[in-house]
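The next block holds one structure in the form of structure tokens; read it before the comments.
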Amino acid sequence: MIALSNVNKQYGKQLIFVDASFQLNPGEKVGLVGPNGAGKTTLFRLITGEELVDDGSVTVPKRLTIGYFRQDVEEMKGRSTLDEAIAGSGRVGELHHELEELQNAMGDPDRADEMDRILERFGEVQEEYDHLGGYALEAQAREVLHGLGFADDQIDGDVGALSGGWKMRVALARVLLGRPDVLLMDEPTNHLDIESIIWLEQFLKSLSGALLMTSHDREFMNRVVTKIAEIDSGEINLYSGNYDFYERERGIRELNQQAAFARQQAMLAKEQRFIDRFRTHAAKAAQVQSRIKALDKIEKIELPKKRQVVKFEFRRPPRSGDQVAMVEGITKTFGPRRIYDDFSVTIRRGERWCVMGRNGAGKTTLLKMVAGVLKPDSGEVRLGASMKMGYFAQQSLDVLDPELTIIEQLQKDFPQEGLGALRTLAGAFQFSGDDTEKKVRSLSGGEKSRLAMARMLFDPPNFLVLDEPTNHLDLATKEMLVEALTDFEGTMLFVSHDRAFLRGLGSRVLELGGESGTDREPLIYPGTYAEYVEKTGHEAPGTHS
């Protein structure tokens, strides 16, 4: 299949791969892991031929088809969403669009003199299209787009009218519909809700082709991959198992390496003592030289690199009253769609409500109304006594000053705090060393999310309202956040598509809107998210475990 042999690659002084070897076999589902900057995207680009190795070889069979889903999406406009999705289906996609052009030509009076040629070509294209299963492809495209959360009006509508996040889903659909021999996927779950993530899991597991992917979603990785390729210090190490197995096995390997390092250090020290003691003894000169030569030939064992994860500990938030938020008889409509109709719920101190629901069910709308960003059409939202609210949404990133560095932003927000405390805070959210001198304007979406979260949690409110707080966060930061929020003494209302986050924190579940999103009254489950899954038999509305 695909093989990298003794590959070396560097950018300037930064070594990415050093004599690295890796093989992707037919049908394998492999998760690619490693810290930021380790070379995951570089590996994808070496396989696709977008970059070349400095030394070594990359072997890709000529007839092999490769589909590559990446985070940067090209311009999309002038087609329906359906047509844009079909565009990635190789020859069938080309024929689909030629058929569409020929149909337009047949209806163009200015081209009447070309009609015989157009009709003849239309017959040829239609025959080949049908032979290659083109008409079935349209049904498959609708199925994939539905699975990724698109409604029918979006599928048939102008792709140019979609937001950036929805265009990412179109790009994903296009790659999936191509049914390549090898699928390369860079963070495919970043812009997906939980329903779409669960659908994608099933789709990828059913594929006969090989898969190599990165993902910051532990559950997704665990359910899809059967092997982990870890990029570490320029090498690619393989682990046969899912992500949980990799973590356990990596821990065992580190312990064994530490033990081997300690044994070797003891042996080296013993040999050095002999050399130092008898260096000037003529009778022992031959033995001393022999041992010096032997030591020079020994391959030195290095201590495993420790991945630094700084534990974040909450300061105790001020105590709120028993009733934190009272949603009383609210109604909310957007155009003809009624999202809430005389809905009431009371959130009490210490509860952690996760809000579930399909796209359009009103999850973000509810959080905005509770946070006071949006007003209900009727009814009211009242906050309890002694409330200090922290509201996190993607719009929270707009309050960051693009001209400040990370550490300057934190100093501006907390002028009374010492530099050491602020550096510890930055470190807990994966900003260490020179990273703290980065300008806010140069940060990625995930880095901005981490900084906004750090600002909010350093001086903690007693009521956290979080809309997709784990978007773009890497696994280490997500796990630190779940651990930190487990010890949080306040109240939470949140929306998340990360099942580890939901399972770790959700003590109450509010399910909105049923299968279509708004076809029934919200349901309240008084237990944890894990109990909700067990009771309902699904991990999110409209899906089945």
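Based on alpha-carbon atoms, the Kirkwood radius and the radius of gyration of the stretch 78-178 give Rg/Rh equal to 1.03.
Summarising the label geometry, the points placed 7 Å from Cα in the beta-carbon direction at ASP232 and PHE261 lie 1.1 nm from one another. Taking Lys and Arg as +1 and Asp and Glu as -1, the other residues whose beta-carbon sits under 12 Å from that of ASP244 total +1. Which of VAL159, VAL440, ILE524 sits farthest toward the positive end of the charge dipole of the chain, with +1 on the Cβ of Lys and Arg and -1 on the Cβ of Asp and Glu? Of the candidates, VAL440 comes out farthest on the positive side.
A dipole drawn for the chain from +1 and -1 charges on Cβ atoms has a positive end, and of SER290, TYR239, ALA361 the residue lying farthest that way is SER290. At full extension, ARG315 and ASP158 could sit 51.6 nm farther apart than now, given 0.36 nm per residue minus the alpha carbon distance.
Report summary: the helix-based calculation at 222 nm, which adds -39500 (n - 2.57) for every DSSP H run with n ≥ 4 and divides by the residues of the chain, gives -12500 deg cm²/dmol. Expressed to the nearest 5 percent, the antiparallel share of DSSP beta bridges inside the chain is 50 percent.
For the pair MET387 and SER240 in one chain, pulling the backbone fully straight at 0.36 nm per residue adds 47.9 nm over the alpha carbon distance. Dipole magnitude for the stretch 245-297: computed about the Cα centre from +1 point charges on Lys and Arg Cβ and -1 point charges on Asp and Glu Cβ, it is near 280 debye.
Label positions at ASP342 and GLU531, each projected 7 Å from the Cα along the C-beta direction, are separated by 2.9 nm.
Quick one: LEU207, LEU400, fewest Cβ neighbours within 10 Å first, how do they rank?
Placing the least packed residue first, the sequence is LEU207, LEU400.
Fewest Cβ neighbours within 10 Å first, please rank HIS146, HIS96, HIS472 accordingly.
HIS146, HIS472, HIS96
Label-to-label distance for ARG441 and THR280 is 6.7 nm, based on points extended 7 Å past Cα in the beta-carbon direction.
For the cross-link pairs LYS13/LYS40; LYS40/LYS205; LYS9/LYS439; LYS77/LYS478, the ones whose C-alpha atoms lie over 26 Å apart are LYS9/LYS439; LYS77/LYS478.
Each Lys or Arg adds one and each Asp or Glu takes one away; over the other residues whose Cβ falls under 13 Å from the Cβ of VAL30, this sums to +1.
Length gained on full extension, LYS270 to ASP377, computed as 0.36 nm times the residue gap minus the Cα-Cα distance: 30.5 nm. By DSSP, the beta bridges lying fully in the stretch 323-536 are antiparallel in about 50 percent of cases. Charge dipole of the stretch 296-438 (Cα centre as origin; +1 on each Lys and Arg Cβ, -1 on each Asp and Glu Cβ, all else neutral): 600 debye, rounded to the nearest 20. Taking the Cα centre of the chain as reference, the dipole from Cβ charges on Lys and Arg (+1) and Asp and Glu (-1) amounts to some 3620 debye.
So for ILE406, ILE231, ILE524, ILE155, fewest C-beta neighbours within 10 Å to most, what's the order?
In order of increasing Cβ crowding within 10 Å: ILE524, ILE155, ILE231, ILE406.
Restricting to Cα pairs below 8 Å that are 6+ residues apart, what does the relative contact order work out to for the chain? Please round to a whole percent. About 14 percent, as a whole number. Taking the charge dipole of the chain about its Cα centre, with +1 at Lys and Arg Cβ atoms and -1 at Asp and Glu Cβ atoms, the residue from VAL73, LEU419, GLN126 reaching farthest to the positive side is LEU419. Per the Debye formula with a single identical scatterer at each Cα and no solvent contribution, what log10 I(q)/I(0) holds for the stretch 20-119 at q = 0.13, 0.21, 0.23 Å⁻¹? Each listed q corresponds, in turn, to -0.72, -1.22, -1.32.
Just so you know, all these numbers are worked out from the coordinates, no wet-lab data involved. In this text the structure is predicted, and so the values were computed from the model without any measurement. Neighbour counts run over all protein chains shown; Cβ positions are idealised from the backbone, glycine included.
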